[in-house]
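Below: the structure, in structure tokens.
The values are calculated or read from the model by the stated rules, or taken from the named source; none is laboratory data. Note that the structure is predicted; figures quoted are calculated from it, not measured. Cβ coordinates were reconstructed from backbone atoms using ideal geometry, including for glycine residues, and neighbour counts include every protein chain displayed.
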Amino acid sequence: MDKRVTYCTDLEKSVIMSNFERRGWIQVGPEDEWNFYWSFTQNCRNIFSIDNGYRMNDNQIINHFPNHYEISRKDLLVKNIKRYRKELEKEGNPLAEKMEVVLPSGQVATRYVHLDIIPVTYVLPADYNMFVEEYRKSPQSTWIMKPCGKSQGTGIFLINKLSKLKKWSREAKIPFHPQLSSKESYVISRYIDNPLLIGGKKFDLRLYLLVTSFRPLKAYLFKHGFCRFCTVKYDTSVTELDNMYVHLTNVSVQRHGVEYNSLHGGKMSVQNFRLYLEGTRGRSVTEKLFADMHWLIVHSLKAVAPVMANDRHCFECYGYDIIIDNTLKPWLVEVNASPSLQSTTHNDRILKYKLIDNIISVVVPPDGIPDARWNKIPSVEALGDFEVLIDEELMEKEENGCRPTKNSRYR
């Protein structure tokens with residue numbers, strides 16, 4: 001007997017709806033019996049909240065982990081990566097090796113050799129004194145301030161003087177004393193002021209990552225990411241410090257710019273980016289950059305895996321934002337738990353439709369009916385345009401069988 005699959009969604013986006021409808025699934029409300037829920041993060045948290053007392057059955061799956069914010073809130077991501085590095089250091093793990101680097105000011109700072117994956121970052125107001133200490137080592141440097149809980153470029157600004165931060169603190173009425181808790185915390189990171197430029201413009205990469213389990217860790221990288229470009233040529237002069245069209249790659253910011261091109265939406269596919277790099281820098285350098293980006297993603301996931309509520313009913317698609325500097329070193333800027341499914345161009349629509357289609361194929365068992373008891377090992381055909389980035393369960397099986405695995409480099 002053919003079982004009817006029901007779905008529920010808080011996001012009435014055509015790329016989602018048309019994927020469900022094409023499968024013959026039937027839409028129901030959140031109060032009804034649903035099998036597959038594509039929910040907002042807040043609604044997912046409500047479902048899992050203790051007060052709610054909602055218990056999912058085996059035929060229900062949902063598109064967020066209960067505490068997804070451990071990786072998607074800027075301050076928590078930083079905290080988890082710092083904790084992960086310290087723990088590896090305590091264990092004497094070679095991954096936590098450090099080295100001394102000379103800063104432009106001539107002062108010496110200590111950096112991680114393998115896990116230097118995020119710019120130097122502090123959470124304000126709590127780390128204010130530590131930030132000042134770091135700032136004084138290289139007072140010429142620029143820093144970027146971001147509110148922890150906001151997205152799409154909201155509330156971000158750059159500073160190059162301590163006085164500017166103090167002035168902002170006074171105006172924002174946020175006293176920088178950890179004892180006094182403020183309503184909103186911010187992260188302040190060393191601004192990557194030597195970004196790789198294409199056509200004189202700054203860009204970042206948006207990569208899509210599907211996680212179906214944190215313990216064991218199972219993550220898949222979507223092959224069709226893209227670069228997001230600023231509309232105005234990059235300029236480090238102080239006069240352009242407040243010009244967000246120069247510094248912020250968010251489409252939500254750039255589409256208001258005079259130079260915005262709605263045809264390509266200021267985007268370039270990852271495939272074209274790879275070809276461009278191979279042509280300008282060579283193949284081996286390009287291969288190394290992509291391997292470094294994979295490394296960065298895997299270790300950001302390993303950093304949060306111990307604190308994630310690993311519920312078998314959950315999966316999640318994260319939007320990774322990565323900036324590459326002109327030495328071809330990738331830096332993790334942030335991770336989004338609800339990457340935009342808004343289609344700004346025709347190509348965007350095709351990409352996002354395929355992304356949703358492939359996600360459903362990976363997270364739903366071969367019989368097409370959601371099942372939380374399923375072992376979450378998709379077939380090669382089901383992966384579509386996803387590639388296995390890491391699967392600790394398969395790695396363990398292969399290690400026991402002593403066969404080499406392409407995942408082994410992440411050990």
Out of all the residues in segment 371-385, is one or more buried (at least 20 other Cβ atoms within 10 Å of the Cβ), among the hydrophobic types (A, V, I, L, M, F, W, C) and either closer than 21 Å to V5 by Cβ or in contact (Cβ under 8 Å) with a residue 24 or more places away in the chain (or both)?
no
Would a scan of segment 143-163 turn up a residue that is touching a helix residue (DSSP H, G or I) at 6+ places or on another chain (Cβ under 7 Å) and either outside the structural domain of Y186 (by TED's automatic domain parsing) or β-branched (V, I, T) (or both)?
yes
For segment 363-386, enumerate the residues that are acidic (D, E) and outside any loop (DSSP other than H, G, I, E, B).
E381
Within segment 1-60, restricting attention to residues that are under 27 Å from S72 (Cβ atoms) and aliphatic (A, V, I, L, M), which residue is modelled with the lowest pLDDT?
I50
Among (1) modelled with pLDDT of 95 or more; (2) surrounded by 18 or more Cβ atoms within 10 Å (Cβ to Cβ); (3) more than 19 Å from the chain's Cα centre (by Cα) - the single one Y353 does not satisfy:
(1)
Only one residue in P370, P366, P330, P339 is touching a Cys at 6+ places or on another chain (Cβ under 9 Å) and not aliphatic (A, V, I, L, M). Which one?
P339
Which of the residues belonging to segment 213-235 are of a type in the set (S, T, Y) and crowded, with 22+ Cβ neighbours inside 10 Å?
Y220
Scan segment 278-290 residue by residue and report those that are free of Cβ contacts under 8 Å to residues at least 24 places away in the same chain and either of a type in the set (A, V, I, L, M, F, W, C) or loosely packed, with under 14 Cβ neighbours inside 10 Å (or both).
G279, T280, G282, R283, S284, E287, F290
Given the criteria at pLDDT 85 or above, within 21 Å of the chain's Cα centre (by Cα) and within 20 Å of N80 (Cβ to Cβ), does I192 qualify?
no
Just the residues that are surrounded by fewer than 16 Cβ atoms within 10 Å (Cβ to Cβ) and of a type in the set (V, I, T), please, taken from segment 308-335.
T327
Whether any residue in segment 389-406 is over 20 Å from N63 (Cβ atoms), polar (S, T, N, Q) and crowded, with 17+ Cβ neighbours inside 10 Å is what I want to check.
yes
Every residue in segment 123-140 that is at pLDDT 85 or above and not basic (K, R), please.
V123, L124, A126, D127, Y128, N129, M130, F131, V132, E133, E134, Y135
Across segment 49-84, which residue is surrounded by the most Cβ atoms within 10 Å (Cβ to Cβ) among those that are without any contact (Cβ under 8 Å) to a residue 12 or more places away in the chain and of a type in the set (K, R)?
K82
For segment 98-123, give me the residue count where each residue is farther than 17 Å from Y191 by Cβ and surrounded by 13 or more Cβ atoms within 10 Å (Cβ to Cβ).
4
